[in-house]
Structures are given as C-alpha cells and as structure tokens.
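Report on the following structure.
Just so it is clear, none of the values below were taken in a lab; they were calculated from the coordinates. Just so you know, these numbers come straight off a predicted model, no measurement behind them. Glycine gets a Cβ as well: all are built from the backbone with ideal geometry, and neighbour counts include every protein chain shown.
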Amino acid sequence: MEDNLLLQVNNISVVYSDVIQVLKGVSLVIRKGQIVSLLGSNGAGKTTTLKAISGLLKPENGKVTEGSIEYEGKGIHNSSPETITRLGIIQVLEGRQPFKYLTVEENLRVGTATRWGKPYKKDLELVYSYFQPLVARKNRQAGFCSGGELQMLVMGRALMAHPQLLLLDEPSLGLAPFLVREIFAIVKRINEEQKTTIMLVEQNANMALLIAHYGYVMENGKIVMEEAATNLRENPDVKEFYLGTASSGALKSYKDVKSYKRRKRWL
Amino acid sequence: MEFFLQLSIQGLSVGFLYALAALGFVMIFKSSSVLNFAHGELLAIGAFIFLAFSVWLKLPIYLSFLFTLVGAFILGFVIERLFLRPLIGEALIEVIMLTVGLAAMFKGLLLVIFGGNLFSYPDFLPAGLTIRWGAINIPPVYVASFIIGIIFLSIFGFFFKYSSQGIYMRSVADNQPAALSLGVHVRRVFAMSWAIAALVCAISGIILGIMNGINVHDISVLGLKVFPVVILGGLESIGGAIIGGLIIGVLETFTGGYVSTSLKEVIPYIVLVFILLVKPYGLFGLVEIERV
Ligand SMILES: Nc1ncnc2c1ncn2[C@@H]1O[C@H](COP(=O)(O)OP(=O)(O)OP(=O)(O)O)[C@@H](O)[C@H]1O
Ligand SMILES: [Mg+2]
C-alpha cells in the first residue's frame, strides 16, 4: 500500500432501512494532504458516501452492506460516529446546522468534544483568524446568524476538532458568489496551512475543481468518472453537465452522452 | 403583612424543591425527548437512600448526604443504561410506558424494602437556622431548602453555561445530528442527564422528607408536581422549570395559608389544566428561532 494513502473506500454498497439501496459499489481513494472533490447531481449519493465514511449512516438506519472503508489501513465501515470522529474524521453536514440556541462561541466549543481535556482557547483564536466575521458575533445565538456566518461557523466548529480528514458537504449551497469565493479560498488555506486533507462534495463543480487536486463524479450511486481536477475541468462531459460551459443546446440526460457510454465503468 | 411575608418565604422554599426536581425532568426531556413518569419515584428513592444512610447505618449527616447524592447519581446512570438505552429510537409511547412501568417497579421495591410507614429523619438541622423577625418565624428546614436550592441551581446554571460537558449536553438538546457529527457522545449525554436528574431529585426528596416525613406514596405524589411545574414553565426551558417551580410553590403555600389546606394540594393541577387550555407551550416554551 502506498504510504500517502489516507482513506480507501472499496466497492461499498449502502442500503437504507434494509431495502433502499443507494450506493452500488462505490470506490475511491483519498491521499494525504489533498483536496478531493466529489461531484454529482441531486440524489446521486454524495451525502450518503460522506455519511458512510463518517459513521453517520447509522442514526439514519443506513448500513454499509458490502465492501469496506479503510482509514490509515484500519477498517471503519459501520463503526460508530463517536469512534470515527476520534480517529480524526469530521463531517460538516449539508445545510449548515448550527446549535441554534447556543452562542457562536459555544457552538465552536462543541467542536472540542473529541479531544482530550477539551482545550479551546488557542483553537478559538485559530478559528477566528480564518473566519474573522465570527468574532463580532461570538456572544450571539447562532440561530440569528446569516447564511455566510453559519457556513463559517460550522466549518470553524469542525476545525476545533483538529480533523485529519475534513468532509465538507456542499459548503457553497445558497451563498452569494463573493461569499462562495471566500469560503473556497479559506478551504484551500486550511488545506495548505493546517495540512488537513479535505473531501469536498459540491454541486458548484466550477469552484470545487479550481481548488481540488483530484475529482470523482457520481451518478445514481456509482462513480462514473475520476481524474485529476485539472483534467476534469477540461472534460467535455463534465463541462456540459457540471460546469455549464458547453455550447450544445438542450440539456440531455447524462446517459445519452456517447463518450460516457463508451467510458469504462468503474466497476 | 407578616403573614404574607412568612408565606412568601415558605412558598419560595418549597418552590426551590419543585424547581430542582423539574430541572431534572426538563433535562431528560430536552436531551432525549423522554417524558419521565417515574420522576416522583426518583424523589422517593433519594429520600429513602438518605434514610438508610442516616438512620439505619447511623452515618454522620453530611456523609449521608454526600453518599446519597453519589448513590443517586450512579443510580441515574444505571437506570439509563439498563432501561432507557435499549429503547433509543423506539416510539415515544413505548418509552413513556417504560417509565410508567419503572415508576411502579421502584415504588414496589421501596415498599418491599422499607414498608409503607411514615418515617422521619433525626432532627439534625441546627435551630440557629430559624429566622425570627417580628411575627415571622421560618423553621430551619425552609431556610435550608432556600439555601440548598440556590446553591444547587447556581451550580447547575454554571455547569450548563460554562463547562464543556454542560455545553455538549445543550448541543445534543439543540441539534442531535450535528452533535453526533462532532463526536459528542450522545448516549453518554443521555446517561448524564439521568444521573443529574436523579441527583437533583434526591436533594428535593430529602428536604421534602424533612418537611413532611418520609412515605413512599406521599413523596411520589409530591414528585408528580413536576408536571404542573414544567407545563407552566415550558417543557423545553430549564429557566422556565425554575420559575415554574417557584410560582407553584408560592401559589400552593398561599392557597394553603389564605384559602384552605385541602385546596392547596389541588391548586397545582388546576393551574396545569388552565395553562394547557390557554398557553399549551407554557410561559417559557421554546420560541422557535425563525431565521436559519
Ligand atoms: N435516510 C434515508 N433513507 C432513505 N433514502 C435515503 C436516505 N437518505 C438519502 N436517501 C436517498 O438516497 C439517495 C441519495 O441521497 P444523497 O443525499 O446521498 O444524495 P446527494 O448526492 O447528497 O444529493 P444532493 O445533492 O441533493 O444533496 C436519494 O435518492 C435519497 O432519496
Ligand atoms: Mg447531499
């Protein structure tokens, strides 16, 4: 095994409530220090993939029924979130979920739950240095923060845990373009300065592929494409369906694209 | 006027006991959405553990108190681990029926061990605690209740506001999936809330025992007053539980003092029905933050 391998998802299937199969043999690898982007349209199974890794499938009655997930060589599929977070994998949930009735600073302190002795003073400073707008809000109830502030809050909260692998689920969703750029710039800085490996799930493929090193594309619970991010950005199919930069007219179903049909399936 | 003051102070003293018990009730509900119908029995258990330490084993009072608190705390953990945890994720009604069953079981066990008689503790409160001021005469137990109420409510106030564990507990009550995603040990938080609930109930039970004597049925029934208290204060609000407790305590004492002692026992439940009719979420029920 290569030694810069951090996470290996081997051919996993995920089933919710024992009957609803959502992932059908997904495999991917994440190398240390990289930003890996997972793209795909609504319902493709991106969030499910993240939850399979972080252990958060369990409370939703979901299960990895086949395959394995190895983190630094250790099998973690179907481990509890308490265990997985303590290995350094932290997921930032889709849709910005603050603790509404806690202040911003208290929200951040929850991020220390996995750490010994719950130290937080130094870490607060670090988080505030990345997310300066939070400073002025620190004693306010998080429920009253704006969308941009909340995105900073939930990412800052995850940073408090000193994650080795940070799983970000659609951080740009519903944010103004200038904020999206700011958020992505911070993600990149965190990756470079904190050496945090990041898995970035996005619909905004354009931005995601600008900061990512590597990318996967997912459709209907399967990985249909994977390449270095720079190559993906040039890929005509990706351009057409995710970047919206292709010149052709009406939107076709992904399946209609010949090049995709010819492409060797991941499985 | 003196009579009014006398009743106010006694009412607040009793109110602190209700407030402590209600604090435990609200905590369990907020963290794990469980309505604990065995809450009155937790008070009774506390009162009887203290009886066992102080009268049977003849330990010094402060040790008996300390051991009772520790014992209740551990018992709370055990109850959660043995009975509640297997039902995590089950329907609300099943969990409620479980707590109803627990109530009957605890009461039965206490009756088997201690019998149904009225017991009393040795008279250990120093007479110096009595407050005399003109015609006002507050017996030591009410003064002690006042002091202990304020001390423990402050301790838990600080605990929830500033300690890491307290903040984790609030985070679970606020947004469980988010708490899980950050590695908060949610099941441990459930257990912790039962442990703290059993502890505050024990304190409340002991002091009620000093006031009224110790009898399994009587104390369990007293414990039922958490229902009017939390309905008044709002199920979701710890602050509301405290204020609700104080209001019910004062109201009850005034009713007993000015109207009739038989109405005294009923008045909390009249309030309960009235509140449910006019303000079902209580005075301090959760105001949903609309933004987000
Ligand atoms: N708890 C659940 N129980 C049953 N089905 C689920 C559950 N969660 C998700 N699904 C289904 O699994 C499929 C994939 O969902 P998932 O949330 O992983 O997609 P996604 O790629 O994250 O989509 P989006 O971009 O909209 O967030 C969807 O069809 C969804 O309906
Ligand atoms: Mg999703």
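Between B:Leu277 and A:Glu60, the FRET efficiency from the beta-carbon distance, with R0 = 51 Å, is close to 0.85. The P(r) of region A:45-86 has a tail past 13 Å containing 47 percent of all C-alpha pairs. Determine, from the Cβ-Cβ distance of B:Ser33 and A:Lys122 and an R0 of 35 Å, the FRET efficiency 1/(1 + (r/R0)^6), rounded to the nearest 0.05. Once rounded, the FRET efficiency stands at 0.45.
Short-range pairs are left out: with C-alpha atoms under 8 Å and at least six residues apart, the relative contact order of region A:126-239 is 18 percent. The order of B:Ile45, A:Ile12, going from fewest to most other C-beta atoms within 10 Å of their C-beta, is A:Ile12, B:Ile45. The label-point distance for B:Leu111 and A:Lys32, in a model that sets each label 7 Å from Cα toward Cβ, rounds to 6.6 nm.
Ranked from largest, the principal axis spans of the Cα set of region B:1-88 equal 55, 36, 16 Å. The lysines whose alpha-carbon is closer than 22 Å to the alpha-carbon of B:Lys279, local same-chain residues fewer than 8 away aside, are B:Lys30, B:Lys225. If both residues of a DSSP beta bridge must be in chain A, then about 60% of such bridges are antiparallel.
Sequence-distant contacts, meaning Cα pairs under 8 Å at least 6 residues apart, place the relative contact order of chain B at 37 percent. For the residues of A:136-143, the average number of beta carbons from a partner chain within 10 Å of their own beta carbon is 2. Here the convex hull built on the C-alpha positions of chain A has a volume of 136 cubic angstrom per residue. Taking 19 Å as the limit for the C-alpha separation, the pairs A:Lys32/A:Lys74; A:Lys58/A:Lys222; A:Lys74/A:Lys222; A:Lys138/B:Lys161; A:Lys24/A:Lys51 exceed it in the case of A:Lys58/A:Lys222; A:Lys74/A:Lys222.
Entry for the protein assembly as shown at q = 0.06, 0.09, 0.10 Å⁻¹: log10 I(q)/I(0) = -0.40, -0.76, -0.87, Debye formula applied to identical alpha-carbon scatterers, no solvent contribution.
Dimensions of region A:1-135 along the principal axes, based on C-alpha atoms and rounded to the nearest Å, stand at 44, 36, 29, largest first.
As an equivalent ellipsoid, region B:32-81 spans semi-axes of 24, 11, 7 angstrom, where each value is the square root of five times an eigenvalue of the C-alpha gyration tensor, largest first. Measuring spread by the Cα atoms of region B:118-220 yields a radius of gyration and Dmax of 18.7, 60 Å. Taking the centroid of alpha carbons for each part, region A:73-125 and region B:233-286 are 39 Å apart. Counts of other chain beta carbons within 10 angstrom of each beta carbon in peptide B:159-169 average 3.
For B:Val221, A:Val9, B:Val273, B:Val200, the sequence from fewest to most other C-beta atoms within 10 Å is B:Val273, B:Val221, A:Val9, B:Val200. Is any residue of region B:141-157 close enough, with backbone N under 16 Å, to a label point placed 7 angstrom from the Cα of B:Ile61 along the Cα-Cβ axis, and if so, which? The answer is B:141-149. Placing one equal scatterer on every Cα of chain B and applying the Debye formula, the log10 ratio I(q)/I(0) at q = 0.15 Å⁻¹ is -1.19.
With all projection directions averaged, the alpha carbon convex hull of region B:139-191 covers 4.2 nm².
When chain B is treated as a Gaussian network with alpha carbon springs shorter than 10 Å, the biggest mean-square fluctuation among B:Gly249, B:Gly15, B:Gly183 belongs to B:Gly183. Along chain B, counting only GluC sites (Glu not before Pro) with a DSSP assignment other than H, G, I, E or B and at most 13 other Cβ atoms inside a 10 Å radius, the longest segment between sites is B:91-287. Based on Cα contacts under 8 Å between residues 6+ apart, chain A shows a relative contact order of 23 percent. Per residue, chain B reaches -23000 deg cm²/dmol at 222 nm when only DSSP H runs of four or more residues are counted, each adding -39500 (n - 2.57). Shielding value for A:218-224 is 0, the average number of Cβ atoms from other chains within 10 Å of each residue's Cβ. Treating the angle as unsigned and between 0 and 90°, give the value, to the nearest 10°, between the Cα long axis of helix A:147-159 and the longest Cα principal axis of chain A. The helix A:147-159 is inclined about 80 degrees to chain A. Listing A:Lys51, A:Lys58 from fewest to most neighbouring C-beta atoms within 10 Å gives A:Lys58, A:Lys51.
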